[in-house]
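Asks: First the structure, then my questions, so here it is.
The values are calculated or read from the model by the stated rules, or taken from the named source; none is laboratory data. Everything numeric here is computed off the predicted structure, so don't read it as measured data. Cβ atoms come from the backbone with ideal geometry, glycine included; neighbour counts cover every protein chain shown. Note: areas computed on protein heavy atoms with side chains; ligands, DNA, RNA excluded. Shrake-Rupley method; radii C 1.70, N 1.55, O 1.52, S 1.80 Å.
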Amino acid sequence: MTLRFIFAGILWLAGLHGAEAGAWPRGKGNHFAFAALRGIGSEDGSLTPSFSYYHEYGLTDRLTLSADLGGAISGFEKTVIALSMPVPLPEFLGLKASMDLGYGEIDGQQVMRPGLSIGRGFARPEGWASVDMAAEIFPELLLGDWKVDMTLGMTARSGHKYYLQVQSGQQMGDPFFSRVEASVAWRLRDGLYLDVGAAAGLVSTDPYRVKLGVWREF
C-alpha cells in the first residue's frame, strides 16, 4: 500500500469525502484545506509550475492530523503525514506552541519531518505572528534539510487577510537560501479565501515566484 493510499484512507476515516499544523490546534472535527499553484521564475523569465496541497484535521482538541503533498525543501515531490500537539508555555508569555512529527516520502525516499511552531495572536489590530521550523531527515541517506518560515499577518474588517512571510532554509550540500513573500487572502465567503501572492528571492534562490491558491476552513 503506497503512502497516497494511506493518506486517502486516513481522510476517509476522518470524515472527509472527496478531494503549515501551526501553533494553534485545529480543534476536534475541524478541517483546513489549502491548494496552490505556483510559478517558479528563472533568470530567462520563464515560469515552472508547481502544485501543492495541504490539509489539517482536528482528531481531538489537542491532536491535529495533517497531510502535505507537493514540493519539498529539495524541490522534489513529497507526501508527508504528520501529527501535531500543543507544547505548554508559561501563560504570561502570551505565546502558543506546538510540535509535530511527520513521516512520508520525498522523491521516492523515506523521510521523517520533526517540526516546531510558535505563534501569537493580536487583537488590535487583529492579526498574528508565527515562526514555523521543520527538518526533513532522510534515514537511508543520512542527510537532512531544514527550513524556517516567519509570518506576520493582519485581518481587515472586511475579513480579508494580508500577510508577509520570510522563507529560509538549506538543502544538504547547497547554500542557505532566503526569500520574502507577500500575500493577500480575499474572503469570498465564510471559511473560503482566494490567496494570491508574489515572492522575491533574497539569497541563493530563484529570482521570483507567483502564487494562486484557495483555502477553506470547515
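Asks: Please determine, by comparing only the residues of the range 114-131 that are open to solvent by less than 20 Å² (accessible area, probe 1.4 Å) and of a type outside the set (Ser, Thr, Tyr), which one is farthest from GLY22 (Cα to Cα).
Replies: In the first step, residues of the range 114-131 are kept if they are open to solvent by less than 20 Å² (accessible area, probe 1.4 Å); the result is 115, 117, 119, 127, 130.
Narrowing the set further to residues that are of a type outside the set (Ser, Thr, Tyr) leaves 115, 119, 127.
Details: GLY115: 10, GLY119: 8, GLY127: 15 Å.
Once the filter is applied, the top-ranked residue is GLY127.
Asks: Ok, one more. List the number of the failed condition for ALA182; all other conditions in (1) surrounded by 15 or more Cβ atoms within 10 Å (Cβ to Cβ); (2) assigned to a strand (DSSP E or B) hold.
Replies: The failed condition is (1).
Asks: Across the range 95-113, which residue is farthest from GLY159 (Cα to Cα) among those that are open to solvent by 70 Å² or more (accessible area, probe 1.4 Å) and out of contact with any helix residue (DSSP H, G or I) (no Cβ under 9 Å at 6 or more places or on another chain)? Step through it out loud before you land on a result.
Replies: Kept after step one, since they are open to solvent by 70 Å² or more (accessible area, probe 1.4 Å), are these residues of the range 95-113: 96, 99, 101, 103, 105, 107, 110, 112.
Next cut, out of contact with any helix residue (DSSP H, G or I) (no Cβ under 9 Å at 6 or more places or on another chain) only: 96, 99, 101, 107, 110, 112.
On the way: LYS96: 23, MET99: 29, LEU101: 32, ASP107: 38, GLN110: 40, MET112: 36 Å.
Among them, the one singled out is GLN110.
Asks: I want to confirm something. Restricting to the range 18-63 and keeping residues that are of a type in the set (D, E, K, R) and not in a loop (DSSP other than H, G, I, E, B), which single residue is nearest to ASP195 (Cα to Cα)? It would help to see each step written out before you state the result.
Replies: Step one: filter the range 18-63 for residues of a type in the set (D, E, K, R), giving 20, 26, 28, 38, 43-44, 56, 61-62.
From what's left, not in a loop (DSSP other than H, G, I, E, B): 38, 56.
Numbers: ARG38: 11, GLU56: 17 Å.
Only one residue fits best here, namely ARG38.
Asks: Another question about this same structure. Residue pairs, Cβ under 7 Å, 6 or more apart or interchain, first in the range 186-208 and in a strand (DSSP E or B), second open to solvent by 80 Å² or more (accessible area, probe 1.4 Å). List them.
Replies: Short answer, once both residue conditions are applied: LEU192/ARG216; TYR193/TRP186; TYR193/ARG187; LEU194/TRP186; LEU194/LEU188; VAL196/LEU212; VAL203/PHE176.
Asks: May I ask you to verify whether MET133 is within 30 Å of GLY108 (Cα to Cα), among the hydrophobic types (A, V, I, L, M, F, W, C) and assigned to a loop (DSSP other than H, G, I, E, B)? Spell out the reasoning first.
Replies: Values: within 30 Å of GLY108 (Cα to Cα): yes; among the hydrophobic types (A, V, I, L, M, F, W, C): yes; assigned to a loop (DSSP other than H, G, I, E, B): no.
It is false that MET133 is within 30 Å of GLY108 (Cα to Cα), among the hydrophobic types (A, V, I, L, M, F, W, C) and assigned to a loop (DSSP other than H, G, I, E, B).
Asks: If the Cβ limit is 8 Å and pairs must be 6+ apart or interchain, which residue in the range 82-99 that is on the phi < 0 side of the Ramachandran plot pairs with which residue that is at pLDDT 95 or above and of a type in the set (Phe, Trp, Tyr)?
Replies: From residues that are on the phi < 0 side of the Ramachandran plot, the pairs are ALA82/TYR103.
Asks: What's the number of the condition LEU143 fails, among (1) in contact with a Ser or Thr (Cβ under 8 Å, 6 or more places away or on another chain); (2) open to solvent by 20 Å² or more (accessible area, probe 1.4 Å)?
Replies: Looking at each condition in turn, LEU143 falls short on (1).
Asks: If you go through the range 137-171 one residue at a time, how many are farther than 16 Å from PRO114 by Cα and not in a strand (DSSP E or B)?
Replies: Number satisfying all stated conditions: 7.
Asks: Taking the range 79-88 as the search range and keeping residues that are more than 14 Å from the chain's Cα centre (by Cα) and open to solvent by less than 70 Å² (accessible area, probe 1.4 Å), which one is modelled with the highest pLDDT? Full working, then the answer.
Replies: Taking the range 79-88 first, the residues more than 14 Å from the chain's Cα centre (by Cα) are 85-88.
Still in the list and also open to solvent by less than 70 Å² (accessible area, probe 1.4 Å): 86-87.
Numbers: PRO86: 93, VAL87: 90.
Ranking the candidates gives PRO86 first.
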